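Below you'll find the structure, written out as structure tokens, and then a few comments.
The values are calculated or read from the model by the stated rules, or taken from the named source; none is laboratory data. For clarity, every value in this text was computed on a predicted model and none was experimentally measured. Positions of Cβ are generated from backbone atoms using ideal geometry, with glycine treated the same way; all protein chains shown enter the neighbour counts. Ligands, DNA and RNA are excluded from the accessible area calculation, which covers all protein heavy atoms including side chains. Shrake-Rupley method; radii C 1.70, N 1.55, O 1.52, S 1.80 Å.
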Amino acid sequence: MKKLKFISILIITFVVLLLSDVYINKKDVATKDDSKARADSIAFALNIGFDEYGLFSFEIGETDPTIWIVMDEANSEKELQKYLEKNVSKADLNHYNIDISKRNLQEVQTEHALLLREGIAMDYIKEKNYNDVQVYYPNGKPEQVLKVIINETSERSSKELKAELENLLATKGAELPVQLRGISYEIQIE
């Protein structure tokens, strides 16, 4: 009986010590909820400062502890850093590496306008079931061109397709944000 009582006390002591160790070390281990709260806090601050600091985009890594920020080259990276230090907890910021790249506003607007036009043209081609036609914007290239590829086996006229797409994009261009409407581009048929 004494032996059974001793083993029971030993097991209970072990369980209590194990649970207390888990509870104490719980603060050292970030949970998914902690990571999400940390990312939400940073995203909230970046969204508030988006226009003021000339941000074009940002992404907060889930598995890679990095915050990628793309901002207007005319804005101050140091001012953005100060803003983040003031509006985000130090512990949250210290968890991440911050990778800031700067871009020219005109280039970003041109790229955005062409990507929107590419989407309009792709939707139209899909709607018309032009399965022998592909449209793409060669992103990252300095040229302002939408490229249209017609399969060699197609009987579709490149001149007619170009005119059709030009009319479509001229009509739908009025739906683009005002600052993107005047950006010139060319349609190339290959």
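See the values below:
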read-out: Accessible area expressed per residue, segment 60-190, with surrounding protein chains retained (probe 1.4 Å, Å²); value: 64
read-out: For Tyr136, solvent-accessible area (1.4 Å; no DNA, RNA or ligand), Å²; value: 80
read-out: Pairwise centroid distance, computed over Cα atoms, of segment 58-89 with segment 138-180, Å; value: 36
read-out: With every protein chain in place, segment 76-190: carbon and sulfur % of accessible area (1.4 Å); value: 45
read-out: Packing-based order for 81-92, 49-60, 174-185, using average beta carbon neighbours within 10 Å, highest first; value: 49-60, 81-92, 174-185
read-out: Segment 45-130: radius of gyration over Cα atoms, expressed as a fraction of 2.2 N^0.38 Å; value: 1.42
read-out: Efficiency of FRET between Ile100 and Lys36 - r from beta-carbon atoms, R0 22 angstrom, step 0.05; value: 0.45
read-out: Under the Karplus curve 6.51 cos²θ - 1.76 cosθ + 1.60, θ = phi - 60°, whole-Hz ³J(HN,Hα) for segment 71-79, x wherever Gly or Pro sits; value: 9, 5, 5, 7, 9, 8, 5, 5, 5
read-out: Cα-Cα over 30 Å, subset of Lys102/Lys128; Lys102/Lys159; Lys36/Lys78; Lys82/Lys172; Lys126/Lys159; Lys36/Lys82; value: Lys102/Lys128; Lys102/Lys159; Lys82/Lys172
